[in-house]
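Trainee: Submitted below is the structure of interest, expressed as structure tokens.
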Amino acid sequence: MKMMTLGIWIILSLTMPALTKAENDTIDIEKIKELKEFSHASGADKFSLYHHGNQVFRWDAPDCDSVKMNTASMVKSWTGLMIGILIDEGRIGSVEDKVCKYLPEWESACENDITIRHLLTMTSGLLRKKPSESVLAQDNMNAFVLQVKLDTMPESVFSYSNESVQLLGIIIERVCGKSANACFYDKLFEPLGMDSTQLWKDKSGNDVAYGGCQTTLEDAAQIGLLLRNKGSLEGKRIVSEKWIDQSLTGTTQASYYGYLWWIDKNTNSVAAMGDFGQMTIYFPDLDLIFVRQQSCNNADRTKNLNWMGPDFLNLVRSTVKTIEASDKKH
């Protein structure tokens, strides 16, 4: 059953209804109009804003009727949450567990003492590959990643790697004793009411943990709300607060990346992001969540996220009038 949100829906084709006094004191309607115009120009289909946990704005493009959202790499952050859940349950000992314990056939892991932390932080020694040479081009993605060789030594450098996250997906399957999709559903999707979400499969039927998950704007927002509430939602503890804090802490190799979450200290934001601007961004100091979908304008890869940067993040921030610290939260 879909979780309900409070607040007001403002749809492009309708006249904006009056905000409550509390919302009118904090939400900048003119900046929201500017964000709507920018989002439409940059190819978005939909976006939502949540303030203090309530949905205060929802926009749908008039020229795109797509309901489903392809998360692209946004799902990587969800895979990070799944690892945290399994650590909380004791099924995985800790992030310092050797990957060889779970994937003994991956020789590079056993030879180089790769840990789960290395995979979570993109520091395993697997460098980003050309699409044609990567897991993206494989019919059997699990078979491919279980034989992949390291490009450099673990912990020497941060490098964004789809292969690293697919390996985490296989660990999740082995620990849960079921498909990754079934495990995600039981421990994350169903408890959050994400009933329109499922992992994508490759041509061999393997569940894909690094990208391609099919969801909706509303379902994706539940992850943002989970982050906001430090691992709980509507009174249900999904993952520990400790894991949320660890996930949003950068590393020596990349202060801007945690456990599969992007961190921007300049705009005080953390984000799950994917190609063409599939994203969930949380601004803790504003108690603001922004969720964006782009499904209808993904043909031109030269425009892939070319608008993303501090100006955009600050535009989202500006929709809240006040910048008081999170003591206003809850």
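The values are calculated or read from the model by the stated rules, or taken from the named source; none is laboratory data. Treat the numbers as computed from the prediction; the structure is a model and nothing was measured. All Cβ positions, even for glycine, are placed from backbone atoms using ideal geometry, and neighbour counts span all protein chains on display.
Trainee: Being crowded, with 18+ Cβ neighbours inside 10 Å, over 22 Å from Glu96 (Cα atoms) and in the same structural domain as Asp97 (by TED's automatic domain parsing) is the requirement here; does Leu188 meet it? Talk me through it step by step, then tell me what you get.
Mentor: Values: crowded, with 18+ Cβ neighbours inside 10 Å: yes; over 22 Å from Glu96 (Cα atoms): yes; in the same structural domain as Asp97 (by TED's automatic domain parsing): yes.
The answer is yes for Leu188.
Trainee: Let me ask another. Taking the condition of being in a loop (DSSP other than H, G, I, E, B) and under 18 Å from Met74 (Cβ atoms), how many residues in the range 203-223 meet it?
Mentor: The initial filter retains those residues of the range 203-223 that are in a loop (DSSP other than H, G, I, E, B), namely 203-206, 208-213, 216.
Still in the running and under 18 Å from Met74 (Cβ atoms): 208-213, 216.
Looking only at that region, the number is 7.
Trainee: Is it true that Trp243 is closer than 19 Å to Thr115 by Cβ, in the same structural domain as Asn140 (by TED's automatic domain parsing) and among the aromatic types (Phe, Trp, Tyr)?
Mentor: On the way: closer than 19 Å to Thr115 by Cβ: yes; in the same structural domain as Asn140 (by TED's automatic domain parsing): yes; among the aromatic types (Phe, Trp, Tyr): yes.
Against the criterion (closer than 19 Å to Thr115 by Cβ, in the same structural domain as Asn140 (by TED's automatic domain parsing) and among the aromatic types (Phe, Trp, Tyr)), Trp243 qualifies.
Trainee: Kindly check whether there is at least one residue in the range 113-126 that is surrounded by 16 or more Cβ atoms within 10 Å (Cβ to Cβ) and assigned to a strand (DSSP E or B). Working first, answer last.
Mentor: Filtering the range 113-126 down to residues surrounded by 16 or more Cβ atoms within 10 Å (Cβ to Cβ) leaves 114-126.
Imposing the further condition that a residue be assigned to a strand (DSSP E or B) reduces the set to 115.
Yes, the range 113-126 has at least one match.
Trainee: Of the residues that make up the range 146-160, is at least one in contact (Cβ under 8 Å) with a residue 24 or more places away in the chain, crowded, with 18+ Cβ neighbours inside 10 Å, out of contact with any strand residue (DSSP E or B) (no Cβ under 8 Å at 6 or more places or on another chain) and of a type in the set (Val, Ile, Thr)?
Mentor: Yes, because at least one residue in the range 146-160 is in contact (Cβ under 8 Å) with a residue 24 or more places away in the chain, crowded, with 18+ Cβ neighbours inside 10 Å, out of contact with any strand residue (DSSP E or B) (no Cβ under 8 Å at 6 or more places or on another chain) and of a type in the set (Val, Ile, Thr).
Trainee: Would you please list the contacts, defined by Cβ atoms under 6 Å and residues six or more apart or on different chains, that run from a residue in the range 50-68 that is aliphatic (A, V, I, L, M) to a residue that is buried (at least 21 other Cβ atoms within 10 Å of the Cβ)?
Mentor: What qualifies is Val56/Ile27; Val56/Leu49; Ala61/Asp45.
So that you can scan it fast, the table gives a plain yes or no per residue for (1) in contact with an Asp or Glu (Cβ under 8 Å, 6 or more places away or on another chain); (2) surrounded by 23 or more Cβ atoms within 10 Å (Cβ to Cβ); (3) part of a helix (DSSP H, G or I):
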| site | (1), (2), (3) |
| --- | --- |
| Tyr50 | no, yes, no |
| Phe57 | no, yes, no |
| Pro62 | no, no, no |
| Gly80 | no, yes, yes |
| Ile83 | no, yes, yes |
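Trainee: Let me ask you something else. Out of Asn266, Asn306, report the one residue that is under 15 Å from Ser42 (Cα atoms), assigned to a loop (DSSP other than H, G, I, E, B) and not charged (D, E, K, R).
Mentor: Values: Asn266 fails: under 15 Å from Ser42 (Cα atoms).
Of the residues listed, the single one that is under 15 Å from Ser42 (Cα atoms), assigned to a loop (DSSP other than H, G, I, E, B) and not charged (D, E, K, R) is Asn306.
Trainee: Follow-up question, since we're still on this one. Could you look through the range 204-248, keep only residues that are polar (S, T, N, Q) and either free of Cβ contacts under 8 Å to residues at least 12 places away in the same chain or in contact with a Phe, Trp or Tyr (Cβ under 6 Å, 6 or more places away or on another chain) (or both), and pick out the one that is farthest from Leu167 (Cα to Cα)?
Mentor: We begin by selecting, within the range 204-248, every residue polar (S, T, N, Q); these are 204, 206, 214-216, 222, 229, 232, 240, 246-247.
When the remaining residues are screened for being either free of Cβ contacts under 8 Å to residues at least 12 places away in the same chain or in contact with a Phe, Trp or Tyr (Cβ under 6 Å, 6 or more places away or on another chain) (or both), the result is 232, 247.
On the way: Ser232: 27, Ser247: 18 Å.
Checking each candidate, the answer is Ser232.
Trainee: Moving on to the next point. Given the criterion farther than 15 Å from Asn112 by Cβ and either hydroxyl-bearing (Ser, Thr, Tyr) or not assigned by TED's automatic domain parsing to the domain that holds Thr215 (or both), identify the matching residue among Ser179, Ser156, Ser124, Ser164. Can you show your working first?
Mentor: Values: Ser156 fails: farther than 15 Å from Asn112 by Cβ; Ser124 fails: farther than 15 Å from Asn112 by Cβ; Ser164 fails: farther than 15 Å from Asn112 by Cβ.
Every option except Ser179 fails the conditions.
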